[in-house]
Amino acid sequence: MSEWRRFTDRGALDRALAQHVCARLKDDIDAVGEASLAVSGGNTPRQLFRLLSNLALDWSRVTITLVDERQVSPDSTDSNERLVRENLLQNQAGSATFIGLHSDNADALPELARRVAAIPRPFSVVILGMGADGHTASWFPCASNLHTLLDPDNPAELASSDPVTAAHQRTTLTLAAVLRSREIIVHICGEEKAAVLTEATARRYPIAALLEQDNTPVSIWWAP
Ligand code: 6PG
């Protein structure tokens with residue numbers, strides 16, 4: 001069962017979510033001396049990243065990675081790594097360790113997977129967005145390997161995927177990897193995405209795989 005957290009506006013949502021993520025990272029640093037955070041790209045998280053980057057934390061004990069990445073140059077405006085470097089790895093959070101998922105070809109996947117496997121687990125928090133087609137991460141409805149991406153018993157933590165309905169080949173964490181976390185947050189805005197998420201299970205959207213599992217708690221943070 002996923003809990004909804006509804007806010008009156010996006011500013012209130014992003015301020016509350018930044019504080020919540022910071023507190024979860026601090027909990028793990030206090031408990032085990034380290035923390036890890038996996039974030040998504042897209043437009044929704046930009047302001048959240050900026051707010052989070054300014055919060056006081058022992059960021060040198062935090063490892064940040066991406067849930068997914070487009071196979072573009074890290075200086076491309078479509079690069080999730082660029083989004084994170086310009087908005088999150090700044091200010092207080094500048095001392096965090098970042099593990100990117102950029103690769104020029106699928107041959108780099110094993111090396112990327114080794115880097116991801118070395119990230120402290122379970123992730124303290126995984127932050128996911130969602131598209132209007134019900135995709136999250138790079139688990140797109142028309143991806144030929146969607147079944148594998150969503151197999152909770154898949155031993156692979158990282159995979160390539162072709163969205164078909166969106167630009168760029170992708171590198172993405174699998175559902176199995178995302179579930180190795182203490183908490184999953186779905187960060188969405190707007191009435192359309194609220195409706196899509198509400199219908200996700202009935203319409204068999206990819207994000208339904210998250211909503212139907214009971215391995216890891218999922219909360220939905222939404223504003224109009
Ligand atoms: C990506 C993201 C993707 C994103 C959704 C929502 O690389 O595009 O990881 O899963 O979260 O597409 O994107 P918006 O926030 O731009 O709507």
³J(HN,Hα) computed for each position of the range 9-17 - Karplus, 6.51 cos²θ - 1.76 cosθ + 1.60, integer Hz, glycine/proline x: 7, 5, x, 4, 4, 5, 5, 5, 5
Rotationally averaged projected area of the range 26-83 (alpha carbon convex hull; nm²): 4.4 nm²
Size-normalised alpha-carbon gyration radius of the chain, reference 2.2 N^0.38 Å: 0.93
Sorted largest first, extent of the range 5-121 alpha carbons per principal axis (Å): 43, 33, 26
Whole-number D in µm² s⁻¹ for the range 113-153, Kirkwood Cα-pair radius fed into Stokes-Einstein, 25 °C, 0.890 mPa s: 201 µm²/s
The chain - accessible surface per residue (Å², probe 1.4 Å): 43 Å²
Additional length obtainable on full extension of the chain from Ala117 to Ser76, 0.36 nm per residue less Cα span: 12.2 nm
Per residue Cα convex hull volume in Å³ - calculated over the range 11-50: 58 Å³
The chain: most fluctuating residue of Leu146, Leu101, Leu197 per GNM, C-alpha cutoff 10 Å: Leu146
Added length on full extension, which subtracts the Cα-Cα distance from 0.36 nm per residue, Asp151 to Ala166: 3.2 nm
Whole-percent carbon and sulfur share, accessible surface of the chain, 1.4 Å: 48 percent
Spatial extent of the range 76-123: Rg and Dmax, with the Cα atoms as the point set, Å: 12.4, 35
Ser73 long-range amide H proximity, modeled H, under 5 Å: none
Nearest-20 debye value, the range 76-224 charge dipole, Cβ charges on Lys, Arg, Asp, Glu: 320 debye
The range 117-205 pair-distance distribution - Cα-Cα, 5 Å bins, rounded %: 3, 14, 22, 25, 21, 12, 3, 0
Antiparallel bridges, percent of DSSP beta bridges restricted to the chain (to nearest 5): 25 percent
Distance between the range 187-223 and the range 6-67 - C-alpha centres, whole angstrom: 20 Å
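The values are calculated or read from the model by the stated rules, or taken from the named source; none is laboratory data. All figures in this text were calculated on a predicted structure; none of them were measured in a lab. Heads up, the Cβs are rebuilt from the backbone with ideal geometry, glycines too, and the neighbour counts pull from every protein chain shown. The accessibility values were calculated without ligands, DNA or RNA, using every heavy atom of the protein model including side chains. Shrake-Rupley method; radii C 1.70, N 1.55, O 1.52, S 1.80 Å.
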